[in-house]
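One structure is given here, and the rest of the page talks about it.
Readers should treat all values here as calculations from the given coordinates under stated rules, not as data from a laboratory. Just so it is clear, the model here is predicted, and its values are computed rather than measured. Here the Cβ positions follow ideal geometry from the backbone for every residue, glycine too, while neighbour counts run over all protein chains shown.
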Amino acid sequence: MKKITNPENLEILRNSLIKQENPSMTCISVCLGTGCQASGSKDIIESLKQEIEKQKLSEKIKIKSTGCHGFCERGPIVVIRPRGIFYQKVKPEDIAEIINRTILKGEIIDSLLYVEPSTGKKVIYEHEVPFYKKQNRIIFGSNGSIDPTNIEDYIRIEGYSALSRTILKMSPEEIIEEVKRSGLRGRGGGGFPTGVKWESCRNAHGEPKYILCNADEGDPGAFMDRSLLEGNPHSILEGMIIGAYAIGSNEGYIYVRMEYPLAVERLKIAIAQAEEYGLLGKNILGLGFDFTIKINRGAGAFVCGEETALILSIEGKRGDPRQRPPYPAQKGLFGKPTNINNVETWANVPLIINRGAEWYSKIGTAESKGTKIFSLVGKINNTGLIEVPMGMTLREIIYDIGGGIPGGKKFKAVQTGGPSGGCIPEEFIDLPVDYDELTKVGSMMGSGGMIVMDENTCMVDIAKYFLTFLADESCGKCVPCREGVFRMLEIVTDITEGKGKEEDIPLLEELSKTIVDTSLCALGGTAPNPVISTIKYFRSEYEAHIKEKRCPAGVCKALICYEILADKCTGCGACLKVCPQEAISGEKKKVHTITQEKCIKCGICMDTCRFEAIEVK
Amino acid sequence: MLRSDPLKITIDGIETEVEKETTILQLAKKLGIEIPTLCHHDAISTYGACRVCTVEVGIPRSGGGKRTRMVTACNYPIRDNGLNINTKSERVLAVRKMILELLLARCPGVKRIQDMAKEYEITESRFPIENPEEECILCGLCTRVCQEIIGKSAISLVGRGFERKVLTPFDEPSEDCIACGACAYVCPTGAIKIVQEDGKLTIKNWKTSRELAKCLECGEYVGSEAVLQYIKERVSLPEDIFKLCEKCRRKKLQKELITTGK
């Protein structure tokens, strides 16, 4: 490919790519996101290739390996276009049938369709799947239709048109104004207005200036940035180049965690292709603007997602946060003005330029514009990534898109905002989700994690889980976070082990206040949130653990025991066989019993019993 | 840089004027207002790790009113006219107490921590003691002095969270450490132990020993050989400084003065 040396040639290339594309040709899209790969989508691609070759159909059928479609629960996902037939949980042995029946005869294979759990109705087409129906996938939607390793796929769908428009027709100030008017706020957690951030970096004294992309996504259960990096890397590059032009920078870094090898690989390919096409590097599109992007891999410390720690880490130093001010916009990477935005924020930029701030600001609520990608995980039927307009209620997200709680269990709480977010109870299920509403109820947007919990979740245990994570990931620089979070974990652990004392709850609250007030960075400053919010909304559960030495949800091992119900036990011996401790005894066809001293409360007996004869007490 | 007009601010009810970018701690020292510190040293860059110098500030909003924040006095630069600083508010005292209580649980045997805690009426911590021998509060003064003042970076912080420690690389005897003792000198808790035995100076924490140089006149120890060598390479000083102890140098100088005086 020859370098594109001017914006007209980019349009010529785009038009020819659109013309080349035969809209009626069958295209089989296979999700190669991390989730679907884990469920075997690579084998599906192989089987597809073999089958197509065997039947000599390569002229008629195109295979497309795409990034994450979002509906990870149902992976591997295969979409057959242009009809849009949606097959889920596809296995390599289904491929021959898909080719023979669906592709060649136009028949639908019933067994591969998605079944709506509530109605039992089978859904044929992708756009009719309830999981997608209520979403507004303006950022994430392209993932399912482009090959992330092929820049031409991205160019075909308007890719890099925002870049050429901005450099050609807009002054840096106009771009910043446009981003400001769109109302875009940082998607990494802080929610700071992006345009304002850009402006303060543009106006800061000092050269050179740096542009950073924070791809150090570390929240447990969150993988939206990962899926964007893997599924549509060019949208992030394009956003960064536009930002660089607006701010006046010629050098950018993407800080991506080592645990995302596929994201790194796709980014490398994307950067190389963008350079080859003249969209990155020296004299971009022949318009006299230079910008390079380097990839910097993080070694896995959660705290390196904090901007000042991230900057030190790129410099090759220990990733400890430092006091702000000075903010990175004034003194950032190598002491120079630096603008840092999260992956999703960057991906929003080309869209704002292409469709305009007016259009963008119509999506969302008064103070939170646009859409947000959430990773919907935990006790939810439709695990996956969803993109919804700001302001959608938790109920719509959890029930309409998420398909509700598995096993007909009751919803208990949803944890938003990553490990240092808060748990939101059922009374707020109709809360519209945006930056400010989440903060009001003691949680936060964070980077967009959403962990759903059912009635069998112990909230003290949940607080312990997040504290364990945070105590482990605290850098240890400042006293309140290092010592304080550790002490909170100590106390909460004692409570779950039946060693809680009456004064523990007030002590936890006292500690929380100090940690929130005095921690050096946001990791510490928000670390007590899981405890504060669970005490606020589920105080009685803490009290049951402390006063009655009882875990109401039946989770905390020290406070529960398994018992066999005499009226239900058939004496089948299944539990006896699986018990690793040989703690169950009983003769065949007679009621069995558990020797409590031997029991390690692993729960395998309860899982095995087919007669619901084992109970947690 | 141009000097801007001084800012009018209030600290503990006292109205005063202050140069922009002055830290709250610098201002407080000038006015004789005591703010406790542990990880701060005037000669070393600020770090903001111990948080005992936390104070409450009211920052004026552009639209009127004030926004209250808790900041560390050691590294908070005064930039706003009308800033209201409170170094002893109820909120400040509450967090300071808690921080000292946490530190007392970490280092129960350290006199400086005990004394500071006592000033805030804390004699015992409600938290269990993990290691009664622990003396290091991880203030990072030793690592900063070694890097910034000595220029050696022989020690560094390693590990994360509660497991954080100050160590030499791989906890092995250091090749870079010259046993200058600056780390022990700045340590606020006396956690760094230096012993002098068998003609050697040993910093126990760093498992590092350096030969001691002897005075050519009296045979008294002058200091660590490595330190003398390190200084020699950097500054030009009379040779005597590296060969004689302080006493003998004085004697020699006296002699010379008397001789030349004649």
>> On a full-extension model of 0.36 nm per residue, what is the gain between residue A:570 and residue A:548, subtracting their alpha-carbon distance, rounded to one decimal in nm?
In response: 4.6 nm
> If we count other beta carbons within 10 Å of each Cβ, what is the order of B:186, A:616, fewest first?
Replying inline: A:616, B:186
> Given a Förster radius of 25 Å and the C-beta distance between residue B:148 and residue B:115 as r, what FRET efficiency does 1/(1 + (r/R0)^6) yield to the nearest 0.05?
Replying inline: 0.35
>> With equal scatterers on the alpha carbons only and no solvent term, can you work out the Debye log10 of I(q)/I(0) for the range A:524-617 at 0.13, 0.22 1/Å?
In response: -0.54, -1.01
> Can you give the charge dipole size of chain B about its Cα centre, rounded to the nearest 20 debye, using +1 on the beta carbon of Lys and Arg and -1 on the beta carbon of Asp and Glu?
Replying inline: 460
>> For chain B, set up a GNM with springs between Cα atoms under 10 Å and report which of B:170, B:242, B:162 has the largest fluctuation.
In response: B:162
> Which order do peptides A:391-401, B:22-32 fall in by mean Cβ count within 10 Å, highest first?
Replying inline: A:391-401, B:22-32
>> Can you list residues from other chains, or at least 5 along the same chain, whose modelled amide H is less than 5 Å from the amide H of residue A:391?
In response: A:433, A:434
> Which distance in Å, rounded to a whole number, links the C-alpha centroids of the range A:550-597 and the range A:102-172?
Replying inline: 49
> Summing -39500 (n - 2.57) over the DSSP H runs of n ≥ 4 in chain A and dividing by its residue number, what mean residue ellipticity at 222 nm do you reach, to the nearest 500 deg cm²/dmol?
Replying inline: -10500 deg cm²/dmol
> What is the mean number of Cβ atoms from other protein chains located within 10 Å of the Cβ atom of each residue in peptide A:480-493, rounded to a whole number?
Replying inline: 5
> Applying the Karplus parametrisation 6.51 cos²θ - 1.76 cosθ + 1.60 with θ = phi - 60° to the phi angles of the range A:457-468, what ³J(HN,Hα) value in whole Hz is obtained for each residue in order, glycine and proline being reported as x?
Replying inline: 9, 8, 6, 6, 5, 5, 4, 5, 4, 5, 5, 4
> Out of A:243, A:215, A:312, whose Cα points farthest toward the positive end of the dipole of the range A:151-361 (charges: +1 Lys, Arg; -1 Asp, Glu; placed on Cβ)?
Replying inline: A:312
> Which value, in nm² and rounded to one decimal, describes the direction-averaged projected area of the C-alpha convex hull of the range B:7-88?
Replying inline: 5.1
> Toward the positive end of the charge dipole of the range A:460-617, about the Cα centre and with charges on Cβ (Lys, Arg +1; Asp, Glu -1), which of A:595, A:554, A:488 goes farthest?
Replying inline: A:595
> What ranking of A:65, B:236 emerges when the number of other C-beta atoms within 10 Å of each C-beta is taken as an exposure proxy, fewest first?
Replying inline: B:236, A:65
>> If you take each beta carbon of peptide A:510-516 and count the beta carbons of other chains within 10 angstrom, what is the mean?
In response: 5
> Residue-wise, which Karplus ³J(HN,Hα) couplings in Hz belong to the range B:200-210, taking 6.51 cos²θ - 1.76 cosθ + 1.60, θ = phi - 60°, and x for glycine or proline?
Replying inline: 10, 10, 10, 9, 4, 4, 9, 6, 10, 10, 10
> Given springs between every Cα pair under 10 Å in a Gaussian network model of chain B, which of B:72, B:37, B:123 has the largest fluctuation?
Replying inline: B:123
> So which GluC sites (Glu not before Pro) in the range A:472-522 end up in coil per DSSP with only 15 or fewer other C-beta atoms within 10 Å?
Replying inline: A:497, A:502, A:503
> Distance from the Cα centre of the range A:299-343 to that of the range B:224-251, in angstrom?
Replying inline: 42
> Once both labels are modelled 7 Å past Cα along the beta-carbon direction, what's the residue A:38-residue A:268 spacing in nm?
Replying inline: 2.3
> Per the Kirkwood definition applied to all pairs of different Cα atoms, how many angstroms is the hydrodynamic radius of the range A:151-361?
Replying inline: 16.8
>> Taking only the Cα atoms of the protein assembly as shown, how large is their convex hull per residue, in Å³?
In response: 235
> If you rank B:235, A:460, A:578 by fewest surrounding Cβ atoms within 10 Å, what's the result?
Replying inline: B:235, A:578, A:460
>> I'd like the GluC sites (Glu not before Pro) in the range A:538-617 restricted to DSSP loop residues with at most 10 other Cβ atoms within 10 Å, sorted by number.
In response: A:582, A:587, A:597, A:612
> Over the range A:23-130, how many percent of alpha carbon pairs lie in each 5 Å bin up to the one with the longest distance?
Replying inline: 2, 13, 25, 26, 20, 10, 3, 1, 0
> Convex hull over the alpha-carbon atoms of the range A:371-454: what's its volume per residue in Å³?
Replying inline: 71
> Tell me, what HN-Hα J-couplings in whole Hz come from the Karplus equation 6.51 cos²θ - 1.76 cosθ + 1.60 at θ = phi - 60° for each residue of the range B:167-175, using x for Gly and Pro?
Replying inline: 8, 7, x, 6, 6, 9, x, 7, 7
